[in-house]
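This report refers to the structure that appears directly beneath it.
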Amino acid sequence: MKKSQLLLIACFLGFLLTGVFSGIASASMLQDNQSDVEYQEIHGMVPQVSTGFDATAGIRGTLDIPGEGLLMIPNSTNRTVMAFDPFSGDLVEEFFIPSDPDNLSTPIMMLWNHSQTSFLISDQLRKLVQQYDTEGNFEQTFAPAGGEDQDILHNIRGMYMQPDGTLLVTVAGGSNQNSVAMFDTEGEYLGNFIANNAGGLNGPWNIVYRSDFNDYLISANGSSGIHRYDADGNFIEMFATGISFPQQLVLLDNGNIMVTNFSSPSGVYEFDSEGNQLNYYSVVTGLRGVYELGNGNILVTNGSGVHEINRNNQLVETKATGSARHISHIMPPATGTSFIVTFSVTDDHGNDVDDATITFAGVTYDPGHYVFEDVEPGTHQYMVEHNCHVTAEGSVTVVNSHVLIDAELQGNPGDANGDGNVNVLDVIAMINYYVGVDTDLTCFNNADLNGDGVINILDIIGTVHIFEDDNDEEP
Ligand SMILES: [Ca+2]
Ligand SMILES: [Ca+2]
């Protein structure tokens, strides 16, 4: 046998053995009907030796976000975030967030923080939302505040920033799996917006809020569809089913929804606002992210890069290579234009008051209207009224960011019926409640003078004293 023939046989045997061992290794981690590619995708695993990985890559030039904004796409090969033009889809800056393998592993999606002073990046394998400054430097872990907590975040994917500054994060693993977790503007965990497994949620990926319907659409690979929830996070119905592995979904200007399907039949599905399928674009597969470009074409991402496709299902151009994730449209920080002022109204027991009436900048709004958009910079007067509480007044100075106002309303002790005065009518209301003639009190906390959670003779006597004392003060 010739030397070259021996070499060939040796190579062939080696190839066989490699195949057998890698087959065993991946089969042990798989569940039924799951490919190893899907397993890695579900769990955010990135091959540690990735082609093209360069931890020293990524000196970012000085770059201001232009008026039309930038499309931000994390690249989990290099642990970077790339920036693209929202009209053409062209690569603008490969290292908008320079390579940071110390703090990023499988970055999925980037958003502004609420004040638009830092960027937040969800990282699937790190189980953290990481915070970066506008120059691309790591600042700190944002959520969960204090660092990793697998009882809160594990196997996280997409995020949504609500106008009031509450951050929603999809959770697919750990003890809080199959939920959408909520965080305040400091990254403190507020509980779940979508309860675990609500509406059969399994493996959530991405969140879209639709103001026209005041609802939330959430894609999920385990439940293979898009779930629909109301503004309080209660399940309504399935928006779409039978999508084997949906990832990112986006709301188009015309109200249509586009969603990627990572697994076969992979592609972009387009639905009308009622969930009726309109189109399907399959020219690029293994899809993760999606965005409708200003030029009318569609930008999609997968494990090999960022690609522009058109509505004739043709590949126009590959814009960048890398393991590309979800696409977010980041606008320049709002300066000098207008901002959102949001009120959080609570009573002096820390309970939410959801039906207070706010007068903002001279206009009185309906009870419960707490979010004011398009507020110009400057100082604005406000008043918060609620029948059981003392009216709160104040002013807010808007400079260059959205503002959240915590309005704590003080009770009006003794005013059980909420008419603003403490008198014999309140005593009658309390007696009627005490003896069971009435089953509720308009302002229970005002009647419960000693704060022991029940209304009894002590509270009634105390109330009598309040208006007797008031009368004594009269000349
Ligand atoms: Ca009263
Ligand atoms: Ca009491």
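Of all the residues in the stretch 453-475, those that are away from ligand 2 (no atom under 11 Å from the Cβ) and outside any loop (DSSP other than H, G, I, E, B) number 10.
Inspect all residues belonging to the stretch 415-425 and state whether any of them is within 19 Å of Ile358 (Cα to Cα) and either in a strand (DSSP E or B) or of a type in the set (Lys, Arg) (or both). Taking every residue of the stretch 415-425 in turn, none turns out to be within 19 Å of Ile358 (Cα to Cα) and either in a strand (DSSP E or B) or of a type in the set (Lys, Arg) (or both).
Only a single criterion out of (1) part of a loop (DSSP other than H, G, I, E, B); (2) modelled with pLDDT of 60 or more; (3) not assigned by TED's automatic domain parsing to the domain that holds Asp133 is not satisfied by Gly52, namely (2).
Counting only strands (runs of 3 or more DSSP E) that sit completely within the stretch 187-256, those holding 2 or more residues that are of a type in the set (A, V, I, L, M) and touching a strand residue (DSSP E or B) at 6+ places or on another chain (Cβ under 8 Å) correspond to 189-194, 204-210, 215-220, 235-241, 246-251. Contact map, the stretch 398-424: residues that are touching a residue at least 24 places away in the same chain (Cβ under 8 Å) and farther than 19 Å from Asp347 by Cα paired with residues that are away from ligand 2 (no atom under 16 Å from the Cβ) and assigned to a strand (DSSP E or B), Cβ distance under 6 Å, separation 6+ or inter-chain. Pairs shown: Val398/Phe339; Val398/Val375; His402/Phe339; His402/Ile340; Val403/Val341; Val403/Val396. Checking Asn450, Asn446 one by one, the residue that is within 16 Å of ligand 2 (Cβ to nearest atom), modelled with pLDDT of 95 or more and on the phi < 0 side of the Ramachandran plot is Asn446 and no other. Note on the stretch 195-209: residues that are under 21 Å from Met110 (Cα atoms) and of a type outside the set (Ser, Thr, Tyr) amount to 6.
Within the stretch 398-406, one or more residues are of a type outside the set (A, V, I, L, M, F, W, C) and part of a strand (DSSP E or B).
Val399 fulfils the conditions (1) within 16 Å of ligand 2 (Cβ to nearest atom); (2) at pLDDT below 90; (3) touching a Pro at 6+ places or on another chain (Cβ under 7 Å) except for a single criterion, (1).
Checking each residue in the stretch 275-303 for being of a type in the set (Gly, Ala, Ser) and surrounded by fewer than 16 Cβ atoms within 10 Å (Cβ to Cβ) picks out Ser282, Gly294, Gly296.
Among the candidates Gly89, Gly147, Gly136, the residue that is in a loop (DSSP other than H, G, I, E, B), in the same structural domain as Gln177 (by TED's automatic domain parsing), at pLDDT 95 or above and surrounded by 14 or more Cβ atoms within 10 Å (Cβ to Cβ) is uniquely Gly89. In the stretch 437-451, the residues that are under 11 Å from Asn412 (Cβ atoms) form no Cβ pair under 7 Å with any partner that is of a type in the set (Phe, Trp, Tyr) and part of a helix (DSSP H, G or I), whether six or more places apart or across chains.
Could you check, for the stretch 461-475, whether at least one of its residues is within 30 Å of Trp112 (Cβ to Cβ), in contact (Cβ under 8 Å) with a residue 40 or more places away in the chain and out of contact with any helix residue (DSSP H, G or I) (no Cβ under 7 Å at 6 or more places or on another chain)? For the stretch 461-475, residues within 30 Å of Trp112 (Cβ to Cβ), in contact (Cβ under 8 Å) with a residue 40 or more places away in the chain and out of contact with any helix residue (DSSP H, G or I) (no Cβ under 7 Å at 6 or more places or on another chain): absent.
Results for (1) outside any strand (DSSP E or B); (2) over 21 Å from Val208 (Cα atoms); (3) modelled with pLDDT of 95 or more; (4) in contact with a Gly (Cβ under 8 Å, 6 or more places away or on another chain), shown as yes or no for each residue.
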| position | (1), (2), (3), (4) |
| --- | --- |
| Met82 | no, yes, yes, yes |
| Asp100 | yes, yes, no, no |
| Leu111 | no, no, yes, no |
| Ser122 | no, no, yes, yes |
| Gln140 | no, yes, yes, no |
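A single entry from Val363, Val375, Val398, Val403 fulfils the requirement of being under 26 Å from Asp419 (Cβ atoms) and among the β-branched types (Val, Ile, Thr): Val363.
The values are calculated or read from the model by the stated rules, or taken from the named source; none is laboratory data. Predicted model only: the values in this text are computed from it and were never measured. Cβ coordinates were reconstructed from backbone atoms using ideal geometry, including for glycine residues, and neighbour counts include every protein chain displayed.
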